[in-house]
Amino acid sequence: MKILEVKNLSKNFGGLKAVDSLDLSMEEGQILSLIGPNGAGKSTVFNCIAGVYAPSSGDIYFSGGRVTSEKPWNLCRKGLGRTFQIVKPFASKTVLYNVMVGSFATTERRSEAEEKALKVLESLHLENKKDAKAGNLTIADRKRLEIARALATNPRLLLLDEVMAGLRPTEVDEMVEIIRGLRKSGITVFVIEHIMRAIMALSDWIVVIHFGRKIAEGTPAEIASNENVIKAYLGEEYVVS
């Protein structure tokens, strides 16, 4: 069953066409990655899907219903969660408080919000830092906290925008395992990322965009051997012989 369909999506900012006639779709339970050079339009795609930007043209369908230009909070309640490329927790508040904010998307009861937040923190191995101030966390733990806040909204589809940026290699490996665990728990995952070894290890399917247009899509092996993708983005080290 398709959980997400993007049809002929375009987004213009004045004379700049940031996304140009993009088509993509996701099956429920899939890990799909969107890659491309800086400025290719990846985060703009996420922002259109998540309701931050209204598309200039095209349609977006989530769980079979048309959600083009719906507000982010309505999409959140329908089960579409997301993280942000620049992590901005409530720095002076505790880790638990930050995750409870996400929990209130689906409950009005503080006790339920706290219970859900604690379960999410446990799943991401952050329970021992629940009383720490978010501003005191390492970058790796801030990235986990960003995911925790999104998970607390109880998403069916989770958009992850560069959650591995700035992490050390061992931390990247840990994040890869976290994302695999999300899929095992029944969450469909849509990833934007520049760390290609993680993308190649994680993805069922990869879509590549350049200057807002899709230039290729396929399995990791197919993308790694695609001449257009190698020239535009990957470089010769990803050539598959």
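The values are calculated or read from the model by the stated rules, or taken from the named source; none is laboratory data. Note that this is a predicted model, so its numbers are computed, not measured. Positions of Cβ are backbone-derived with ideal geometry, glycine not excepted, and every protein chain shown enters the neighbour counts.
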Identify, please: which residue in region 215-226 is among the polar types (S, T, N, Q) and touching a strand residue (DSSP E or B) at 6+ places or on another chain (Cβ under 7 Å) and is, among those, surrounded by the fewest Cβ atoms within 10 Å (Cβ to Cβ)? 219
With the requirement that a residue be more than 10 Å from the chain's Cα centre (by Cα) and within 12 Å of residue 82 (Cβ to Cβ), what does region 151-186 give you? 151, 153, 155
Taking first residues from region 89-117 that are of a type in the set (Asp, Glu) and second residues anywhere that are in a helix (DSSP H, G or I), the pairs with Cβ under 8 Å that are 6 or more apart or on different chains are 112/103; 114/96; 114/100; 114/103
All positions within region 114-159 that are of a type outside the set (A, V, I, L, M), within 10 Å of residue 103 (Cα to Cα) and part of a helix (DSSP H, G or I): 114, 115, 116, 149
Quick check on my filter: what residues within region 81-112 are closer than 25 Å to residue 70 by Cα and of a type in the set (Gly, Ala, Ser)? 81, 102, 103, 105
Cβ-Cβ distance below 6 Å, separation of 6 or more or different chains: which pairs start in region 133-153 with a residue that is free of Cβ contacts under 8 Å to residues at least 40 places away in the same chain and outside the structural domain of residue 181 (by TED's automatic domain parsing) and end on one that is among the hydrophobic types (A, V, I, L, M, F, W, C) and not in a helix (DSSP H, G or I)? 140/167; 144/124; 144/126
Among helices (runs of 4 or more DSSP H) completely within region 1-113, the ones holding 2 or more residues that are assigned by TED's automatic domain parsing to the domain that holds residue 177 and under 16 Å from the mean Cα position of the chain (by Cα) are 42-49, 72-78
Being under 24 Å from residue 36 (Cβ atoms), touching a Lys or Arg at 6+ places or on another chain (Cβ under 8 Å) and among the polar types (S, T, N, Q): is that true of residue 219 here? no
Considering each of 102, 135 in turn, give the residue that is closer than 29 Å to residue 62 by Cα and of a type in the set (Gly, Ala, Ser). 102
Subset of region 157-188, residues among the charged types (D, E, K, R) and either in contact with a strand residue (DSSP E or B) (Cβ under 9 Å, 6 or more places away or on another chain) or within 23 Å of residue 74 (Cα to Cα) (or both), comes to 161, 162, 180, 183
Restricting attention to region 7-26, does a residue exist that is crowded, with 19+ Cβ neighbours inside 10 Å, of a type outside the set (Lys, Arg) and under 27 Å from residue 134 (Cα atoms)? no
Failed criterion for residue 21 (all others in (1) touching a Gly at 6+ places or on another chain (Cβ under 8 Å); (2) on the phi > 0 side of the Ramachandran plot; (3) modelled with pLDDT under 95 hold): (3)
Only listed residue being assigned to a loop (DSSP other than H, G, I, E, B) and buried (at least 19 other Cβ atoms within 10 Å of the Cβ), chosen from 208, 189, 229, 163: 163
Counting only residues that are within 26 Å of residue 27 (Cα to Cα), within 24 Å of the chain's Cα centre (by Cα) and not aromatic (Phe, Trp, Tyr), which one in region 227-240 is modelled with the lowest pLDDT? 234
Run down 51, 36 and say which single residue is of a type outside the set (Val, Ile, Thr) and without any contact (Cβ under 8 Å) to a residue 40 or more places away in the chain. 51
Go through region 64-79 and give me each residue that's at pLDDT 95 or above and within 23 Å of residue 214 (Cα to Cα). 66, 67, 68
